[in-house]
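**Student:** Shown below is the structure under consideration.
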Amino acid sequence: MEQTLVIIKPSAVHRGLIGDIISRFQNKGLTITGLKMMQLDEEILREHYSHLTEKPFFPSLLESMMATPVIVMCLEGIDAVEVVRLMTGATNGRKALPGTIRGDLSMSGQENIVHASDSVENGRIELARFFKPGEIFSYRPANLRFYYAPDEI
Ligand code: TYD
């Protein structure tokens, strides 16, 4: 099964949306195999957003991502990276389609509620960045049979 990283950002923590967001992923049928709250610092954010450090909005992004602790999650499922990106929606909440997390819950390009890995390779790198060895678990939910056909799992 594929794994991906989700960060529930301070915009969602401030607004009391942690439970709503976790429920969406669970209801979809993704398995939570890692979950914790942590405070991000500038060092980890410069690494995580290394493609954006030269952008004019980067200082504001840093401040936004350190405003509260965040929730980091490892989600597992067939094609988990693509499924979670589709559920997340476009970067700017005003452009994200209704039905997506950002489309339903965000009006902003920066305060956009969640981060989700954009490729399998980045998922692997990002999970190693935010989780220590032993913090991601392996188990098979008893109801998996009702989320996938036998030939899919
Ligand atoms: P990016 O990796 O481009 O998008 P995504 O989160 O959809 O993978 O950008 C990372 C974060 O940077 C984005 O979630 C919010 C912030 N950001 C801005 O605040 N303004 C912007 O114009 C862009 C492109 C991103």
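**Student:** Is it the case that some residue within region 41-61 is open to solvent by 20 Å² or more (accessible area, probe 1.4 Å), closer than 20 Å to E135 by Cα, away from the ligand (no atom under 13 Å from the Cβ) and out of contact with any helix residue (DSSP H, G or I) (no Cβ under 8 Å at 6 or more places or on another chain)?
**Tutor:** yes
**Student:** For I32, which of the numbered conditions (1) within 13 Å of the ligand (Cβ to nearest atom); (2) under 16 Å from the mean Cα position of the chain (by Cα) fails to hold?
**Tutor:** (1)
**Student:** Here's a follow-up. For the structure I just gave you, tell me whether T68 is of a type in the set (V, I, T), farther than 30 Å from R145 by Cβ and within 11 Å of the ligand (Cβ to nearest atom).
**Tutor:** Here the answer is no, as T68 does not meet what is asked.
**Student:** What number of residues within region 1-31 satisfy the criterion of being among the charged types (D, E, K, R) and more than 16 Å from R102 (Cβ to Cβ)?
**Tutor:** Within region 1-31, residues that are among the charged types (D, E, K, R) and more than 16 Å from R102 (Cβ to Cβ) number 1.
**Student:** Which condition from (1) open to solvent by 30 Å² or more (accessible area, probe 1.4 Å); (2) in contact (Cβ under 8 Å) with a residue 40 or more places away in the chain is the one that T31 breaks?
**Tutor:** The one condition T31 does not meet is (1).
**Student:** Tally time: how many residues in region 1-48 are of a type outside the set (K, R) and in a helix (DSSP H, G or I)?
**Tutor:** 20
**Student:** Looking only at residues in region 83-104 that are among the aliphatic types (A, V, I, L, M) and open to solvent by less than 30 Å² (accessible area, probe 1.4 Å), which one is nearest to the ligand (Cβ to nearest atom)?
**Tutor:** Across region 83-104, the extreme among qualifying residues is A96.
The values are calculated or read from the model by the stated rules, or taken from the named source; none is laboratory data. Since the model is a prediction, treat every value here as computed from it, not as a measurement. Positions of Cβ are backbone-derived with ideal geometry, glycine not excepted, and every protein chain shown enters the neighbour counts. Each accessible area value is taken on the protein alone, full model and side chains, heavy atoms only, with ligands, DNA and RNA left out. Shrake-Rupley method; radii C 1.70, N 1.55, O 1.52, S 1.80 Å.
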